[in-house]
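Contents: one structure, followed by commentary.
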Amino acid sequence: MTQQGAVLQGYNNELVKYVEDLCMQKEELNKQIQQAEEEKNKLQHEIQILNEQLESVSENLAQKVASRNELDKILAETEAAYMKILDSSRTLLNVLKKEVGSLKHTTELKTN
């Protein structure tokens, strides 16, 4: 019976060792889980900050694009109006040249 008790004691010691090893593995896994959760929370916070920055930049960009589009419209209208002024100036100059030419021709005829 003593031999059986010794075998049982050996099994018990080995069983306790395995249970202790499992407990140590569980503690290590708990540490890893905690670190992973902390990293996850940190990354989620960074994502939130980046999303807020992205939203701000997107709004700012939209405002700038709208301003640029308005400037493009104003420039196009201004250029069109300026071209009309140039065309009118050219027409006026041509009319004025003809009138001056006619006046010169008329005054030359009267003096002869």
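Couple of notes before you dig in:
- Among residues of region 44-76, those that are open to solvent by 90 Å² or more (accessible area, probe 1.4 Å) and not acidic (Asp, Glu), counted: 15
- Filtered residues of region 22-43 (kept if open to solvent by 100 Å² or more (accessible area, probe 1.4 Å) and among the polar types (S, T, N, Q)): Gln25, Gln34, Gln35
- Test: residue in region 2-9 that is open to solvent by less than 100 Å² (accessible area, probe 1.4 Å), among the β-branched types (Val, Ile, Thr) and at pLDDT 95 or above: no
The values are calculated or read from the model by the stated rules, or taken from the named source; none is laboratory data. The structure presented is a predicted model; accordingly, all values stated were derived computationally and were not measured. The protein model used for the area step is the full one, side chains on, heavy atoms only, and it has no ligands, DNA or RNA in it. Shrake-Rupley method; radii C 1.70, N 1.55, O 1.52, S 1.80 Å.
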